[in-house]
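The values are calculated or read from the model by the stated rules, or taken from the named source; none is laboratory data. Computed from a predicted model, the values in this text were never measured in an experiment. Counting neighbours? That spans all protein chains shown, and the Cβs are built from the backbone with ideal geometry, glycine included. Note: accessible area is taken over every heavy atom of the protein model, side chains too, but ligands, DNA and RNA are not part of it. Shrake-Rupley method; radii C 1.70, N 1.55, O 1.52, S 1.80 Å.
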Amino acid sequence: MQHPLQISRRIEYGLRAMVCLAAQPEGRVMPFREIARRMNVPQDFLAKILKQLVTRQLAMSTRGARGGYRLARPSKEITFLEVIEAVEGPVVVNLCQDGHDACRLSRGCTLYGVWKRGQERMLDVYRTATLDQLAMAELKPEQPLPSAAAAAGA
């Protein structure tokens, strides 16, 4: 059983996929099956996660024989938190932190401040971690792909 404070597989797999894409040269399209294989993510689950990432405009998809996925923005502009929220929704440590005061106790509750500080610190870490910082060297292509100009004979 998953611990309540442990991140979900959905978050983990979404981050794995985005880190994989971040390691690719800008604009390179990576086939879906290659992402799943390299990041050890079940294909069915990855398909759903990538769809969410495309919907939230963090990734882009291209159809066809040379299709696949790429980042929608430069990796330095996409945060860990954006990916988390794209696949799971807003991060809320405790219901009393969701802005709707789901607890019948007042804001004077002694637990509220601890939950609030913990959530703020966690979100600060996630907001400042960007995909360019997380891209693993092992995921970068061994051979650089030819640029579009070189391929056209320029």
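Among the residues of region 45-75 satisfying the criterion of being of a type in the set (G, A, S) and open to solvent by 20 Å² or more (accessible area, probe 1.4 Å), which is nearest to L134 (Cα to Cα)? Step through it out loud before you land on a result.
Filtering region 45-75 for residues of a type in the set (G, A, S) gives 47, 59, 61, 64-65, 67-68, 72, 75.
Those still in the list that are open to solvent by 20 Å² or more (accessible area, probe 1.4 Å) too: 47, 61, 64-65, 72, 75.
Working: A47: 22, S61: 21, G64: 29, A65: 29, A72: 17, S75: 9 Å.
Top of the filtered list is S75.
Within region 81-94, how many residues turn out to be surrounded by fewer than 16 Cβ atoms within 10 Å (Cβ to Cβ) and under 12 Å from L58 (Cα atoms)?
Adding up the residues that qualify gives 0.
Looking at (1) at pLDDT below 95; (2) surrounded by 14 or more Cβ atoms within 10 Å (Cβ to Cβ); (3) within 17 Å of the chain's Cα centre (by Cα), which is the one condition that is false for I78?
(1)
Is region 25-33 home to any residue that is among the β-branched types (V, I, T) and surrounded by fewer than 14 Cβ atoms within 10 Å (Cβ to Cβ)? Full working, then the answer.
If we filter region 25-33 for residues that are among the β-branched types (V, I, T), which is where we start, we get 29.
Subset that is surrounded by fewer than 14 Cβ atoms within 10 Å (Cβ to Cβ): none.
Within region 25-33 (the criterion being among the β-branched types (V, I, T) and surrounded by fewer than 14 Cβ atoms within 10 Å (Cβ to Cβ)), the answer is no, since none of the residues qualifies.
Mind listing just one residue for me: the one in region 1-18 that is farther than 12 Å from Y69 by Cα and part of a helix (DSSP H, G or I) and, of those, least open to solvent (accessible area, probe 1.4 Å)? Lay out the reasoning, then the answer.
Of region 1-18, the ones farther than 12 Å from Y69 by Cα are 1-16.
Right, trim to part of a helix (DSSP H, G or I) and you get 9-16.
Details: R9: 128, R10: 67, I11: 18, E12: 52, Y13: 25, G14: 0, L15: 16, R16: 60 Å².
If we take residues in region 1-18 being farther than 12 Å from Y69 by Cα and part of a helix (DSSP H, G or I), then G14 is least open to solvent (accessible area, probe 1.4 Å).
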